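For reference, the structure discussed in these notes is given below.
The values are calculated or read from the model by the stated rules, or taken from the named source; none is laboratory data. Note that the coordinates shown come from a computational prediction; the quantities given were computed from them, not determined experimentally. Because the Cβ atoms are built from the backbone with ideal geometry, glycine has one as well, and the counts that use them run over all protein chains shown. For the accessible areas, the whole protein counts, side chains as well, though only heavy atoms, and no ligand, DNA or RNA atoms are used. Shrake-Rupley method; radii C 1.70, N 1.55, O 1.52, S 1.80 Å.
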Amino acid sequence: MDQTPVTAAADDHGHVLVVDDDPQIRLLVARFLQRHGYQVTGAPDGRVMLEILAHTAIDLVILDLMLPGRSGIELCGDIRATSQVPIVMLTARSEESDRILGLEVGADDYVTKPFSPRELLARVRAVLRRARATRKADAGQVNQSVAFDGWSVDLRRRELVSPSGTLVDLSTGEFDLLVVFVEHANRVLSREALMQYAKARTSDDPFDRTIDVQISRLRRKLEADAQGGQLIKTVRGAGYIFTPDVRSREGQPA
């Protein structure tokens, strides 16, 4: 089992768990990330991955889609059931539907195989930067809790509660996107503006679908228990608008 880090970097920028059944890929990724200041632990399958996550503080998981036993899609769901640790998935270029499914079950980003180690490093840095910035912003949040259309959002604890009182599970990307909508309620936001605000990923790909997937799954979760119908509306040719009035839990506009 690969539960011991290959090397602990002296200038530690975070602890990354690499889950891939190919030992050469684990070693390649580990050595490259370690040269750039990260501590790295490897796991060959989901069973070892879950053992490590249960006993080790991990800052980010790099998760291969194709694994022996349970797939990366299933394991991503397992992680999201108990943790909001950022996840970057490794996928094959021909698996677009699986990449989208990975994002829908809670992955924060993906890199296609064969991949450039420099691209993977850029993705890791971007996802970790967003997660840390979110935690920092939450710590200084003035309005700790806001409400809209019967829903309540605890910005400090990163929790969304439905009108029926159910705690709704959101991935890191989904919650960040919800915060953007809450902060810019009743304003039309273009897809590019949402990407900039949410910092969902770093990509030059004009067909990047991360924002679209996140909006789709966030919309489904909100509309499953919405009192006033559709909360995120599409404005043809312009973008999206979050329609409800948002107020602090004290009753003042947020």
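From the set of residues in the stretch 57-72 that are under 14 Å from Thr41 (Cα atoms) and open to solvent by 50 Å² or more (accessible area, probe 1.4 Å), which is modelled with the lowest pLDDT? So the residue we want is Ala57. For the condition in contact with a strand residue (DSSP E or B) (Cβ under 8 Å, 6 or more places away or on another chain), buried (at least 18 other Cβ atoms within 10 Å of the Cβ), hydrophobic (A, V, I, L, M, F, W, C) and farther than 19 Å from Gly102 by Cα, Ala193 does not qualify.
Scanning the stretch 146-190 for residues that are free of Cβ contacts under 8 Å to residues at least 12 places away in the same chain, within 14 Å of Lys221 (Cα to Cα) and surrounded by 14 or more Cβ atoms within 10 Å (Cβ to Cβ) returns Glu159, Val161. Within the stretch 75-92, residues that are touching a residue at least 24 places away in the same chain (Cβ under 8 Å) and more than 18 Å from Asp22 (Cβ to Cβ) reach partners that are acidic (Asp, Glu) and open to solvent by less than 30 Å² (accessible area, probe 1.4 Å) with beta carbons closer than 7 Å, at six or more positions or on different chains, in the pairs Pro86/Asp108; Ile87/Asp108.
Quick check: anything in the stretch 102-125 modelled with pLDDT under 85, open to solvent by 30 Å² or more (accessible area, probe 1.4 Å) and in a helix (DSSP H, G or I)? Looking for residues that are modelled with pLDDT under 85, open to solvent by 30 Å² or more (accessible area, probe 1.4 Å) and in a helix (DSSP H, G or I), one finds at least one in the stretch 102-125, hence yes.
Before we move on, is Arg31 under 21 Å from the mean Cα position of the chain (by Cα) and open to solvent by 30 Å² or more (accessible area, probe 1.4 Å)? First the steps, then the outcome.
Numbers: under 21 Å from the mean Cα position of the chain (by Cα): no; open to solvent by 30 Å² or more (accessible area, probe 1.4 Å): yes.
For Arg31, the condition - under 21 Å from the mean Cα position of the chain (by Cα) and open to solvent by 30 Å² or more (accessible area, probe 1.4 Å) - is not met.
When residues in the stretch 34-56 are screened for being part of a loop (DSSP other than H, G, I, E, B) and surrounded by 24 or more Cβ atoms within 10 Å (Cβ to Cβ), 1 of them pass. Being more than 13 Å from the chain's Cα centre (by Cα) and polar (S, T, N, Q): is that true of Ser97 here? Yes, satisfied.
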